[in-house]
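First up is the structure itself, then whatever we jot down about it.
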Amino acid sequence: MSPPRPHFLVLTYPLQGHIAPALRLARRLLAVAPDVLVTFSTTEAAHQRLFPAKQEEEGLNGRGDGGGGRLEFIPFSDGTEGGYGGGSDVGAFNAYMASFHAAGPRSVGALVDALAARGRPVSRVVYTLMLPWAADVARGRGVPSALYWIQPVAVFAVYHHYFHGYAGAVAEHYRRGDPSFVVELPGLAPLAVGDLPTFLTESTDPANYFHAVFLTFRDLFDTLDREAPAATVLINSCQELEVGALAAVGPHDVLPIGPVLPAGDEHSIFKQDDAKYMEWLDTKPASSVVYVSFGSLATMAREQLDELLVGLEEGRRPYLLVVRKDNKATLAEAEAEMGERLENGVVVEWCDQVRVLSHAAVGCFVTHCGWNSVAESVASGVPMVGVPKVSEQSMNARLVEREWRTGVRGQVDDGGVLRAAELRRCVEEVMGDGAAAAEVRRRAREWKRVAAEAMGNGGSSYCNLVAFVDGARSSN
Ligand code: UDP
């Protein structure tokens, strides 16, 4: 009898920025080994958005990948009817997280059992950031697990040290109220306290909206410590980008396997605008367009949107701006006021960002520095202007500006607003005629080559993922 095929259960929290890299990893696993099976699972509400009614049957039956059922999509329950609705009510967010952490493990446990009962036993559970209980569910059934860290290695190292002896020092520095105050963590370059992940500074306060996220990260690092002899951590980055940080990750078995890009079209929880913007890009000269997006979560206040539009128009370069549906009313107000002064840009509610970034016309990405956006930009060779706000975005912006030097960071004013003049200055620094801008573009091209090599057959990220799959095969 032939041994069972390696079967990975990929679990993710229901945010677009988590679903996208998880889905890409799922398809990448299928691509690196022809015998591998994958079951992809997120919450029921997100699953519904990924597979609106007519496609649902196809999604559930796993025929959507054209791979003879090698990829199946089966949701788990977070204990709610419609998922988390968003909003600013801390109580509602805390209640959602409590439900997610209580119902999630029960539902995922039942899923692992059901898969085994129908002859598709799980050989590895792979889970993204906000599901520390996934490791316990797996361990309870004798199944090894791996964390899929969807941020850079350097950020993993910061979290690791914070939860291993440095929480007090960080808290003390943070309390002083000066964001430029320097924190030293083992093996890492000195960091300004204001560049640390906000979940480790402002969110340690129980009254903070994201306190439940801080607690979840704390659980996650406790969970990793319980793995023996070492926790396996797959990271959506490549070792060439993070040589220094890789030496600072503690005892964990860290495997950079990225940056993983979509293989063809990708399901998203957002509806894409029709692809006219791609035709528009086709009409623009090489490296002439400024692409602007702040990801799937951040919304812009009217003042910020005005500054952006003024800065982009005054810069006289064509621009493609993403303003999501939930920010549309603000855009309508701004447009009504600016009227015909808006002439160089195209605004969409949602685009296929990876396609946009890989279009020859795009010359710069003004980004909030969510890790997916940064990784996609690095992999596409597009220089960045970083405007970080929350979570680890400041760390990512710092890596772009100081380590890889493929972009600059915009300075916001005291109210956190990036002014039009500053936007213009930053765009010039990466798109302009000067020698420094040309050097930024040269390095962006160089890192694109390095990332592609890491992902190519025989590259470092490719070999790490193959080794991970082989490990699952040999212990089946
Ligand atoms: N994205 C997209 N179209 C858009 C805007 C964003 O496809 O119009 C994708 C982007 O490619 C990335 C994800 O949404 O994969 C955003 O993730 P990121 O980590 O950058 O930020 P988050 O949304 O989590 O803040």
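The values are calculated or read from the model by the stated rules, or taken from the named source; none is laboratory data. In this text, all values refer to a predicted model and were calculated from it rather than measured experimentally. No Cβ is skipped: glycine too gets one built from the backbone with ideal geometry, and neighbour counts run over all protein chains shown.
Just one of the listed residues (V346, V354) is within 16 Å of the ligand (Cβ to nearest atom), modelled with pLDDT of 95 or more and surrounded by fewer than 21 Cβ atoms within 10 Å (Cβ to Cβ), and it is V354. Going through the stretch 258-274 one residue at a time, which ones are buried (at least 16 other Cβ atoms within 10 Å of the Cβ) and in contact with a Lys or Arg (Cβ under 7 Å, 6 or more places away or on another chain)? Residues satisfying the conditions are V260, L261, P262, I269.
Okay, residues lined up against (1) out of contact with any Asp or Glu (no Cβ under 7 Å at 6 or more places or on another chain); (2) within 16 Å of the ligand (Cβ to nearest atom):
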| position | (1), (2) |
| --- | --- |
| D225 | yes, no |
| A230 | no, no |
| Q239 | yes, no |
| A247 | yes, no |
| G250 | yes, no |
| V254 | yes, no |
| A263 | yes, yes |
| E266 | yes, yes |
| D274 | yes, yes |
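Within this structure, V378 passes the test of being among the aliphatic types (A, V, I, L, M), under 17 Å from V354 (Cα atoms) and either away from the ligand (no atom under 14 Å from the Cβ) or touching a Ser or Thr at 6+ places or on another chain (Cβ under 7 Å) (or both). Looking across the stretch 7-34, the residues that are of a type in the set (G, A, S) and under 20 Å from A454 (Cβ atoms) come down to A20, A22, A26, A31, A33. If you filter the stretch 201-256 down to residues that are under 30 Å from V450 (Cβ atoms) and of a type in the set (S, T, Y), you find that the one that is surrounded by the fewest Cβ atoms within 10 Å (Cβ to Cβ) is T232.
Each residue in the stretch 15-34 was checked for being more than 12 Å from the ligand (Cβ to nearest atom) and either under 15 Å from Y127 (Cβ atoms) or not β-branched (V, I, T) (or both), and 9 pass. Restricting the stretch 288-336 to residues that are surrounded by fewer than 20 Cβ atoms within 10 Å (Cβ to Cβ), among the polar types (S, T, N, Q) and within 16 Å of the ligand (Cβ to nearest atom) leaves a set whose member that is farthest from P388 (Cα to Cα) is N327. The residues of the stretch 423-476 that are under 26 Å from the mean Cα position of the chain (by Cα), closer than 16 Å to T406 by Cβ and among the small types (G, A, S), listed by number, are A444, A451, A452, A454.
Could you list, in sequence order, the residues of the stretch 360-374 that are more than 8 Å from the ligand (Cβ to nearest atom) and either surrounded by fewer than 19 Cβ atoms within 10 Å (Cβ to Cβ) or under 23 Å from C238 (Cβ atoms) (or both)? Within the stretch 360-374, A360, V362, C364, F365 meet the criteria. All conditions in (1) away from the ligand (no atom under 14 Å from the Cβ); (2) touching a residue at least 24 places away in the same chain (Cβ under 8 Å); (3) in a helix (DSSP H, G or I) hold for G339, with the sole exception of (2). Within the stretch 281-295, residues that are within 14 Å of V430 (Cα to Cα) sit with their Cβ atoms under 6 Å from residues that are basic (K, R), at 6+ positions apart or across chains, in these pairs: V290/R317. Take the conditions (1) under 18 Å from V193 (Cα atoms); (2) out of contact with any His (no Cβ under 9 Å at 6 or more places or on another chain); (3) more than 9 Å from the ligand (Cβ to nearest atom); (4) not aliphatic (A, V, I, L, M); P388 misses just one of them, which is (2). Restricting to the stretch 223-274, and then to whatever is polar (S, T, N, Q) and part of a loop (DSSP other than H, G, I, E, B), can you tell me which residue is farthest from the chain's Cα centre (by Cα)? It comes out as Q272. Only one of the numbered conditions (1) part of a loop (DSSP other than H, G, I, E, B); (2) within 16 Å of the chain's Cα centre (by Cα) is violated by S373, and that is (1).
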